[in-house]
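Student: Please see the structure below; I have some questions.
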């Protein structure tokens, strides 16, 4: 009996040990799975407040493929935004604004203004406000927009927000235009007068009596600011590169295939023959197989910083197209293998952006004038932050770059106070917005 009892206890101990190990193994597997899924989720979402976050995601199901494919067919993206707006295809316009880095800043700002008006007309106020904010961010951060156009954009943004009863945000952008009209050295007297006249009317619409009175007074007697005609950018703009004949032919084949697919979609009510889609898929794969090795070879053999910037900018343009295809943001899953590699392509796009801004930093160091180094550094940071805020530069180091921008702003205030207007950041309620400041 004792032997039998001992065997039972031994058997029970064995079961307890096995059970404990099983539970521990289950916990370990679960923890690993949670860790993996969390990392995957984090990798799939860009950092910061870019357009790819849930703050304003793109609804790819609402993208019009026939219209979106015109971009792959060689048509102007700026014109396609207008066409998408005219045809009430806001998500198609939004996809272009999200993924196309070659759009000029004023085109992007104007595109968001048009998009906001469409959303407002559809009573989608949240989307409309978001688009007005993005137009404001571009208007503030872009070094390429002249202050005359900048003041006009701020007022247009405010007028749209007034219609949406977003009085606090509307006043924020009116105040930005007021600051430019009061302090910018790049506005002539007649231009200041016009801005103040428009400001006075819009402040009245908001019920802001005191700034309306000030604007009226200043429209009659504009502030005396030393005018400077030298409103120029410090960094060279990237230039188009010359592709070899093989790549030019591949691009041509892609344009033809995209135009044919778009035409078929229109003629057949949104459904095209599989062979037409396959033709475009094959042209895209062929173009990719030529372009990526070309970029790598050119970068390996090129010593000039400015030319390396041009090559990297061209690489960013191609990777942006590729990433848009991977995210099915042309309204179709045109290259399924790229859709499966979307995160890898996004990582490649991030590296390309990191590379181009690193090249700009190297170029700035070589400038002979210390003052120009500070101006160029500020400009580089504004461009980098803007690319990140627009969502075109995934995972950009937002906090680090904002800190650096505010530091260079403080330095410029101390060393070049004659600039009068500088870039800062402030909160409006729970919104963090870039804004202009003055001494």
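Student: Applying the selection to the range 81-135, what residues are without any contact (Cβ under 8 Å) to a residue 12 or more places away in the chain and at positive phi?
Tutor: Selection gives 123 alone.
Student: Which condition does residue 271 not pass, out of (1) surrounded by fewer than 20 Cβ atoms within 10 Å (Cβ to Cβ); (2) modelled with pLDDT of 95 or more; (3) closer than 28 Å to residue 257 by Cα, if it passes all the others?
Tutor: (2)
Student: Still on this structure, please answer the following. Go through the range 402-434 residue by residue and tally those that are surrounded by fewer than 20 Cβ atoms within 10 Å (Cβ to Cβ), under 18 Å from the mean Cα position of the chain (by Cα) and assigned to a helix (DSSP H, G or I).
Tutor: 1
Student: Of the residues 290, 285, 305, 280, which is under 16 Å from residue 336 (Cβ atoms), surrounded by fewer than 19 Cβ atoms within 10 Å (Cβ to Cβ) and in contact (Cβ under 8 Å) with a residue 24 or more places away in the chain?
Tutor: Result: 285 is the single residue among 290, 285, 305, 280 that is under 16 Å from residue 336 (Cβ atoms), surrounded by fewer than 19 Cβ atoms within 10 Å (Cβ to Cβ) and in contact (Cβ under 8 Å) with a residue 24 or more places away in the chain.
Student: Residues of the range 328-360 being in contact with a helix residue (DSSP H, G or I) (Cβ under 8 Å, 6 or more places away or on another chain) and under 13 Å from residue 317 (Cα atoms), which ones?
Tutor: The answer is 345, 346, 348, 349, 352, 353, 356.
Student: Here is a follow-up. Does residue 382 count as assigned to a helix (DSSP H, G or I), under 20 Å from the mean Cα position of the chain (by Cα) and in contact (Cβ under 8 Å) with a residue 60 or more places away in the chain?
Tutor: Judged against the criteria, residue 382 is a match.
Student: Given the criterion within 32 Å of the chain's Cα centre (by Cα), more than 30 Å from residue 373 (Cα to Cα) and in contact (Cβ under 8 Å) with a residue 12 or more places away in the chain, identify the matching residue among 299, 261.
Tutor: After ruling out the rest, the residue left standing is 261.
Student: All but one of (1) surrounded by 15 or more Cβ atoms within 10 Å (Cβ to Cβ); (2) within 23 Å of residue 57 (Cα to Cα); (3) over 17 Å from the mean Cα position of the chain (by Cα) hold for residue 387; which doesn't?
Tutor: Of the numbered conditions (1) surrounded by 15 or more Cβ atoms within 10 Å (Cβ to Cβ); (2) within 23 Å of residue 57 (Cα to Cα); (3) over 17 Å from the mean Cα position of the chain (by Cα), the odd one out for residue 387 is (3).
Student: Next question. Take the residues of the range 342-378 that are exposed (fewer than 15 other Cβ atoms within 10 Å of the Cβ) and assigned to a loop (DSSP other than H, G, I, E, B): which is nearest to the chain's Cα centre (by Cα)?
Tutor: For the range 342-378, the residue satisfying everything is 366.
Student: Only one of 311, 233, 256 is more than 20 Å from residue 68 (Cβ to Cβ) and either surrounded by fewer than 19 Cβ atoms within 10 Å (Cβ to Cβ) or free of Cβ contacts under 8 Å to residues at least 24 places away in the same chain (or both); which?
Tutor: Just a single option satisfies the conditions, and that option is 233.
Student: I need the full set of residues from the range 95-112 which are closer than 14 Å to residue 154 by Cβ and crowded, with 22+ Cβ neighbours inside 10 Å, in order please.
Tutor: 109, 112
Student: While we're on this one: Scan the range 209-230 residue by residue and report those that are buried (at least 16 other Cβ atoms within 10 Å of the Cβ) and assigned to a loop (DSSP other than H, G, I, E, B).
Tutor: 222, 225
Student: Okay, next question. Tally the residues that are at pLDDT below 95 and within 30 Å of residue 270 (Cβ to Cβ), restricting the search to the range 333-380.
Tutor: Number satisfying all stated conditions: 0.
The values are calculated or read from the model by the stated rules, or taken from the named source; none is laboratory data. This is a predicted model, so every value here is computed, not measured. Every residue, glycine among them, receives a Cβ derived from its backbone with ideal geometry; neighbour counts consider all protein chains shown.
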